[in-house]
Structures are given as structure tokens and as C-alpha cells.
Amino acid sequence: MDSPPESGVVVRPARPADIVGVRALVSPYVDRRFIVAKPPVAYYESVQEFVVAIVDERVVGCGALHVMWADLAEVRTLAVLPEYRGAGIGHLILEALLARARDLRLERVFCLTFEVGFFRCHGFGEIAGTPVTPRVYAELLRSHDDGVAEFLDLARVKPNTLGNTRMLLSLALDRSVPGAGGDEADVGATAASMSGVAGGPAPGHR
């Protein structure tokens with residue numbers, strides 16, 4: 001469902017027709033290595049993960065939620081056009097992604113970002129290491145997704161992560177809710193990994 005317009009902004013799920021605008025939006029951030037370069041096909045394949053912010057039928061912001069495990073997802077490719085920074089669009093996009101995470105009964109959301117203050121104000125806290133059990137870590141190693149490799153902090157993607165801060169949000173779902181987490185959820189890993197303080201729109205995010 002589309003969000004109600006706020007100052008002319010509509011945040012809604014992305015459509016394939018939006019991808020040209022999304023790629024144009026993120027291109028400057030890719031050039032500055034704030035967002036990892038991806039071929040066009042990768043955006044089309046993951047269009048269902050994206051939400052977009054629209055002003056006058058133009059894509060002015062975007063972000064994606066990528067599910068990695070039974071209880072865990074990552075916010076990625078969060079960006080806003082420079083001329084729309086400071087208008088609250090990044091916050092609207094992140095709120096839409098977190099609402100999607102809650103609808104999916106996820107318990108934790110990860111991000112790798114330069115915009116620490118922005119994510120802190122939404123409750124994210126800085127973490128050290130990889131907040132999963134050894135068993136889940138081993139399963140995630142099977143993924144071919146570069147974002148998962150960055151979450152695992154693998155050596156081959158170190159150049160992509162230099163200068164970024166690892167952050168995590170606990171959605172604190174009630175474990176009694178049917179389907180919340182499931183048998184494979186990594187219960188308890190969040191508290192063990194939090195090493196910082198839990199919480200302007202992000203100009204660009206991995």
C-alpha cells in the first residue's frame with residue numbers, strides 16, 4: 001500500500017518501471033563508493049525488495065530490505081537525491097522498510113552505513129563482529145550475495161566496507177506470536193553482540 005502523501009511525497013513498493021530512476025539516483029553514490037556497484041539485472045531481480053519515494057512522478061529516494069535468515073534482514077541501497085536531503089524522505093523510506101520487516105515477523109535488522117546518526121535515531125546500535133551463531137554463520141557462507149558476504153565481514157569484500165559502521169536494530173517481537181522467528185531464529189545473538197549505544201536522511205547506504 002502506498003503511504004499517504006507528505007509534502008507531496010509518496011513512498012510505495014517499487015515497480016520494474018522505477019528501476020531506471022533508481023539506478024540514476026544511486027549512480028553518484030556508487031561513484032563515491034557509498035553504494036556497491038551492481039548490474040541493471042541485479043536491480044530488476046530484487047525489485048520486490050525496494051520501496052521508492054516519488055515526487056511529481058520522479059524517483060527521489062529508494063531503499064531495500066533484503067532477508068538473510070529466519071529472523072534477520074538488512075537495509076541496503078538507501079539513498080535520497082541531494083536536492084531532497086533534509087526533507088525527511090530518508091526517514092519515510094526507512095520507516096517503510098522497518099514496517100515491512102515487522103510484517104515479515106523479523107526480529108533484527110542490520111545495516112552497514114556511513115550515516116550512523118541517522119540510523120541511531122531509528123533505534124539502531126553499533127555492533128562488533130557478526131551477530132549470528134556459528135551454525136547460522138556457516139549457512140550464510142553458502143550465499144553468493146555480496147551483501148551477505150559484507151555482513152559476514154569476509155576478506156573478499158573488505159574494500160566495500162572500509163569506513164562503514166555495522167549497526168543492528170532489535171524489533172523486539174513477542175516470541176509468543178505464531179511464526180515469529182521460527183525454529184531457525186538466532187535467539188539471543190543481538191544482546192551478545194551490541195557494543196554501542198542504540199539510537200538527516202542517509203545520502204547513500206551500501
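Contact annotation: residue pairs with Cβ atoms under 9 Å, 6 or more positions apart or on different chains, pairing a residue in the range 23-46 that is within 18 Å of residue 90 (Cβ to Cβ) with a partner that is of a type in the set (Phe, Trp, Tyr), are 26/34; 26/43; 28/34; 34/114; 35/29. Residues that are in contact with a Leu (Cβ under 8 Å, 6 or more places away or on another chain) and either among the small types (Gly, Ala, Ser) or farther than 29 Å from residue 159 by Cα (or both) do not occur anywhere in the range 13-25.
Does the range 10-19 contain at least one residue that is of a type in the set (Gly, Ala, Ser), in contact with a strand residue (DSSP E or B) (Cβ under 7 Å, 6 or more places away or on another chain) and at pLDDT 95 or above? Yes, the conditions are met somewhere in the range 10-19. Looking only at the range 119-163, residues that are farther than 17 Å from residue 66 by Cα, surrounded by fewer than 17 Cβ atoms within 10 Å (Cβ to Cβ) and modelled with pLDDT of 90 or more come to 6 in all. Only one of the listed residues (60, 51, 80) is over 16 Å from the mean Cα position of the chain (by Cα) and not small (Gly, Ala, Ser). That residue is 60.
The rows are residues; the columns are (1) among the charged types (D, E, K, R); (2) part of a helix (DSSP H, G or I); (3) farther than 22 Å from residue 124 by Cα.
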site	(1), (2), (3)
24	no, yes, yes
42	no, yes, yes
60	no, no, yes
67	no, no, no
90	no, yes, no
93	no, yes, no
105	yes, no, no
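When we screen 45, 115, 139 for residues that are under 25 Å from residue 162 (Cβ atoms) and charged (D, E, K, R), the only hit is 115. Residue 78 - would you say it is within 16 Å of residue 22 (Cα to Cα), buried (at least 22 other Cβ atoms within 10 Å of the Cβ) and of a type in the set (A, V, I, L, M)? Answer is yes for this residue.
The values are calculated or read from the model by the stated rules, or taken from the named source; none is laboratory data. These numbers come from a predicted model, not from an experiment. Cβ: placed from backbone, ideal geometry, glycine included. Neighbour counts: every protein chain shown.
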